[in-house]
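Single-structure report; data block below.
Here, each number is a calculation from the coordinates, and none is a lab measurement. Fair warning: this is a prediction, and the values are worked out from it, not measured in the lab. Heads up, the Cβs are rebuilt from the backbone with ideal geometry, glycines too, and the neighbour counts pull from every protein chain shown.
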Amino acid sequence: MSWKLDETVETSAGTVAAGRSGSGPALMLAHGRPWSSFSWHRIIPDLARRYRVHWYDMPGYGRSDKGAEQRTSLDVQGEVFAEMLAHWDLEQPIVVAHDFGGATTLRAHLLHGCDFERYVLMNVVAMRPWGSEFFDHVGRHVDAFLGLPPHIHRAVVEAYIKGAIVNDIAPGDFERLVEPWLAEEGRGSFYRQFAQADEKYTAEVEPAFGDIRCPVKIIWGKDDPWIPLERGKALHALIPQASFETLPGVGHLPQLEAPDLVLERLNAFLSRAL
């Protein structure tokens, strides 16, 4: 009942690598950027004891396609999420989303008619403004970054990922987060994603946050260096029907920084009677 990628699925944005584990009600995980479904590997075994857990690497991420002409922006990711639900015949799954997985799943729910049973948003990109000065800089100078020597590129990726985390994570976990971006196609996809990022894809759904059609839980690493707690509180104000909880001493990657704490919060929300 552990994380694996033993399925491939053809989508409108290319081939994606996917996996499933466990039995019970359907639960779908949506990772963020620059992560992959591997970011969930420490909580999947526990969830799979009670749920049929589904995950995949988004197009342009992990082991999924990373073609030079591939679009990986949030509009594409929302469509692919809806396609994956249809592929697995998941009519109303529980959805747990992190980082860009928030905007991805919000678009699937609010624009593409995907229904969720319960919905967890954890340190998500969901509303404007988003992106750091570094994020904007790379987006304006993609060609220059594509020409970096491999060892400099690796240093950039490692520094970028370390900037999200405030707690030590297992060295092997850190390496697995970095690894997909080191080969040639991974390097290209890493930088092109900066250029394809556009706040219009969250602007399109922000006015509809009050129309979310299921119970919502917002969980936020209180010390997130990328998306400060104030942004989580602002999101909560736009989804008044949601419950909101912080994780003290946790950064942007709670599922790897504090997996036991995340599982405690998830289990409490998912087991609560509606």
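Using θ = phi - 60° and the Karplus curve 6.51 cos²θ - 1.76 cosθ + 1.60, what whole-Hz ³J(HN,Hα) does each residue of the range 60-74 get, with Gly and Pro shown as x?
x, 10, x, 9, 7, 4, 9, x, 4, 9, 6, 8, 10, 6, 5
Using a Gaussian network for the chain with springs between C-alpha atoms less than 10 Å apart, which of these wobbles most: Phe145, Phe134, Phe194?
Phe134
Could you work out [θ]222 nm for the chain from helices alone, using -39500 (n - 2.57) per DSSP H run of at least four and dividing by all its residues? Round to the nearest 500 deg cm²/dmol. Intermediate values should be presented prior to the final figure.
Numbers: 12 runs with 107 residues, N = 274.
-11000 deg cm²/dmol, from helical runs alone.
Which GluC sites (Glu not before Pro) in the range 59-105 pass both tests, a DSSP loop state and at most 12 other beta-carbon atoms within 10 Å?
Glu69, Glu91
Hey, can you grab everything whose amide H is under 5 Å from the amide H of Gly221? Only 5+ residues off in sequence or another chain; H modelled, so Pro and N-termini drop out.
Amide H neighbours of Gly221: Asn123, Leu247.
If I take every Cα pair under 8 Å that is 6 or more residues apart in the chain, average their sequence separation and divide by the length, what percent do I get for the relative contact order?
Values: 526 pairs, mean separation 52.7, N = 274.
This gives 19 percent for the chain.
By how many nm would the segment from Glu158 to Ser271 grow when fully extended, if each residue of separation counts as 0.36 nm and the alpha-carbon distance is taken off?
Using 0.36 nm per residue and subtracting the Cα-Cα distance, I get 37.0 nm.
Within straight cross-link reach of Lys4, meaning Cα distance under 18 Å, which aspartates and glutamates are found once same-chain residues fewer than 8 apart are removed?
List returned: Asp46, Asp57, Asp65, Asp173, Glu175, Glu179.
Do the alpha carbons of any pairs in Lys200/Lys233; Lys162/Lys233; Lys66/Lys222; Lys66/Lys162 sit beyond 27 Å of each other, and which pairs?
Values: Lys200/Lys233 21 Å; Lys162/Lys233 24 Å; Lys66/Lys222 33 Å; Lys66/Lys162 23 Å.
In this structure, Lys66/Lys222 exceed 27 Å between Cα atoms.
Report ³J(HN,Hα) in whole Hz for each residue of the range 217-224, in order, from the Karplus equation J = 6.51 cos²θ - 1.76 cosθ + 1.60 where θ = phi - 60°; Gly and Pro get x.
Each residue of the range 217-224 in turn: 10, 9, 10, 9, x, 4, 9, 4 Hz.
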